Amino acid sequence: MPPRRRLASESLTADDLASLNSALAEGRRATVYLREGTPSLGLAPGASARVIAISGTTLTIKPRGVDDELPYEADELRMTKDAPAQPAKAAKVAKPAAAKKAAQPRPAAAPKSDAAAAQTRATAAAPKTAARPAKRAASKKAPSSVTVTVFGSADNEWSVSVTRGGRKPTRSRSVAADSVESAMRELGDDAALEAAASVLNAAREEAQRRVEELSRELEAARRALAALEGQSESE
């Protein structure tokens, strides 16, 4: 008997993350799809993205048509372009039938008084009333994780974005280069400091080269001006 095919999940499961990790380890392309679109980036629901790295339940991906690598949570992505079918219609049909059956009076039961009927209705409504505060309490659950991403370029332009739990990354904000270097030193992570320092050093070298070039041009302009002034006095 052939094995049953596993139904597609609405978001990435632990098995999906293990499969994607294996693909990255073997050098194969790992592709996922966005559950929801991001209009500001021109991404529609179901847009494909290449997986760059995986850390726990956070995936660094490069969506198709976007140059940046962005962090996404596993519950924001899925393995298929289209959302899987929801086989829950049969259960919804069965509930009214069960409720109707439970509401039918027993033939042998004696009629209840008004007080007994009111007590029965209050008892039946009690579970529903107790379930509501639990739902509200669940909605205030703290985010499972926070991801802070720092972007830097050789042009000495830096920005930072934050992702809280399963939410979309916030819009990147520009930050000063010296504040980035100071933050990396405070973290005490040598790898992060080295990565930031490599970009900062390249930007410093380019700025120094530009200063020297402008200094030479300024000195040449001064000599040309002095020569012109000397000719004017001799005449």
Practice task
Could you list all residues from the range 43-62 that are open to solvent by less than 40 Å² (accessible area, probe 1.4 Å) and among the small types (Gly, Ala, Ser)?
Solution key: 46, 47, 48, 49
Problem - Residue satisfying all of: in the range 59-87; closer than 15 Å to residue 35 by Cα and among the hydroxyl-bearing types (Ser, Thr, Tyr); nearest to the chain's Cα centre (by Cα) among these - result: 72
Exercise for the section: Hey, can you tell me all the residues within the range 168-180 that are open to solvent by 70 Å² or more (accessible area, probe 1.4 Å) and either of a type in the set (A, V, I, L, M) or farther than 20 Å from residue 60 by Cβ (or both)? Expected result: 174, 178
Exercise for the section: Kindly provide the set of residues from the range 213-235 that are charged (D, E, K, R) and farther than 22 Å from residue 153 by Cβ, ordered by number. Expected result: 216, 217, 219, 222, 223, 229, 233, 235
Handout entry: Qualifying residues in the range 58-82 (those that are part of a loop (DSSP other than H, G, I, E, B) and in contact (Cβ under 8 Å) with a residue 60 or more places away in the chain) - the one nearest to residue 43 (Cα to Cα)
Key = 68
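Can you go through 183, 142, 227, 203 and tell me which one is at pLDDT below 85, open to solvent by less than 80 Å² (accessible area, probe 1.4 Å) and in a helix (DSSP H, G or I)? Lay out the reasoning, then the answer.
Values: 183 fails: at pLDDT below 85; 142 fails: in a helix (DSSP H, G or I); 227 fails: at pLDDT below 85.
203 is the lone residue from the list that is at pLDDT below 85, open to solvent by less than 80 Å² (accessible area, probe 1.4 Å) and in a helix (DSSP H, G or I).
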Exercise for the section: Report whether or not residue 94 is modelled with pLDDT under 90, exposed (fewer than 10 other Cβ atoms within 10 Å of the Cβ) and of a type in the set (A, V, I, L, M). Expected result: no
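How many residues does the range 10-35 hold that are modelled with pLDDT under 90 and in contact with a Pro (Cβ under 7 Å, 6 or more places away or on another chain)? Please lay out each step first, then the result.
We begin by selecting, within the range 10-35, every residue modelled with pLDDT under 90; these are 10-11.
Imposing the further condition that a residue be in contact with a Pro (Cβ under 7 Å, 6 or more places away or on another chain) reduces the set to 10.
Qualifying residue count, the range 10-35: 1.
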Exercise for the section: Please work out if residue 53 is over 15 Å from residue 81 (Cα atoms), of a type in the set (Gly, Ala, Ser) and assigned to a strand (DSSP E or B). Expected result: yes
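In the list 128, 168, 135, which residue meets the criterion of being at pLDDT below 85 and closer than 30 Å to residue 70 by Cβ? Walk me through it before giving the result.
Details: 128 fails: closer than 30 Å to residue 70 by Cβ; 135 fails: closer than 30 Å to residue 70 by Cβ.
Just one listed residue meets the conditions, 168.
The values are calculated or read from the model by the stated rules, or taken from the named source; none is laboratory data. For clarity, every value in this text was computed on a predicted model and none was experimentally measured. Here the Cβ is made from the backbone with ideal geometry for all residues, glycine too, and neighbour counts use every protein chain on show. What goes into the accessible areas is simple: the full protein's heavy atoms, side chains included, and nothing from ligands, DNA or RNA. Shrake-Rupley method; radii C 1.70, N 1.55, O 1.52, S 1.80 Å.
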